[in-house]
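Notes follow the structure.
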């Protein structure tokens, strides 16, 4: 049920606000398929695939197997393949409707996108916290395997937040684009047979990748033109 919370809060906040511009902005972010830039989305998906490949190759230096390039037999949490796949799809749809539908813009209204990515990354990480106490979830399993894997999960969220921000802005604040990218991130994380040790290596690779993306998009992350006037820029 926690999957529904971000989207429910976003929809309630926007449509109870009485702000016509805010309502229009949400509709356009969700239905404006013209905002989706296929090349950007494809680049983001390929980039994440390269991050996974680099992580597995680097992990081989620490004794991990290259068999991790294979597909996992099943998902990392209980419920069966169909239920697990449905959960991954819902996670992408419902989270992004909440995060990109309201939460990220609400923070960016006051901060540049670099600071917003840090703040949102912390919020996004803490939102996952209850999952570590629900049996048969991936988060519960890694906590009981090694608490360091739990710490790694929270650290990995921060650089991933920067990558999502990049996808979001480059696609003219499109929720659909982020939903597509979110699904592929979740799917690849689940179906590529990486060990939890390799996912620690992946966090380092994510940090490097996020740093490169920020360096190549300094104006995007550090400009302050949108602060206080995010909606007028969108509508104009």
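What to note about this one:
- Test: residue in the stretch 170-178 that is within 28 Å of residue 70 (Cβ to Cβ) and either at pLDDT 95 or above or part of a helix (DSSP H, G or I) (or both): no
- The set of residues in the stretch 76-95 that are modelled with pLDDT of 70 or more and part of a loop (DSSP other than H, G, I, E, B) is empty.
- Just so you know, in the stretch 53-66 the residues that are without any contact (Cβ under 8 Å) to a residue 40 or more places away in the chain and part of a helix (DSSP H, G or I) include one that is nearest to the chain's Cα centre (by Cα), and it is 53.
- Some residue of the stretch 67-88 being crowded, with 17+ Cβ neighbours inside 10 Å, touching a residue at least 12 places away in the same chain (Cβ under 8 Å) and over 16 Å from residue 188 (Cα atoms): no
- Among the residues here, residue 191 qualifies as under 19 Å from residue 84 (Cβ atoms), touching a residue at least 40 places away in the same chain (Cβ under 8 Å) and in contact with a strand residue (DSSP E or B) (Cβ under 7 Å, 6 or more places away or on another chain).
- Hits in the stretch 31-52 (condition: part of a helix (DSSP H, G or I) and farther than 20 Å from residue 185 by Cα): 31, 33, 34, 35
- Listed by first and then second residue, the pairs with beta-carbon distance under 9 Å, at least 6 apart or on different chains, first residue in the stretch 127-151 and on the phi > 0 side of the Ramachandran plot, second surrounded by 12 or more Cβ atoms within 10 Å (Cβ to Cβ) and outside any helix (DSSP H, G or I), are 136/77; 136/78; 136/79.
- Any hit, the stretch 124-137, residues being within 19 Å of residue 41 (Cα to Cα) and either within 15 Å of the chain's Cα centre (by Cα) or part of a helix (DSSP H, G or I) (or both): no
- Among the residues of the stretch 222-236, those identified as in a helix (DSSP H, G or I) and either modelled with pLDDT under 95 or buried (at least 20 other Cβ atoms within 10 Å of the Cβ) (or both) are 230, 231, 232, 233, 234, 235.
The values are calculated or read from the model by the stated rules, or taken from the named source; none is laboratory data. Please read these numbers as outputs of a predicted model, since none were measured by experiment. All Cβ positions, glycine included, derive from the backbone under ideal geometry; neighbour counts span all protein chains shown.
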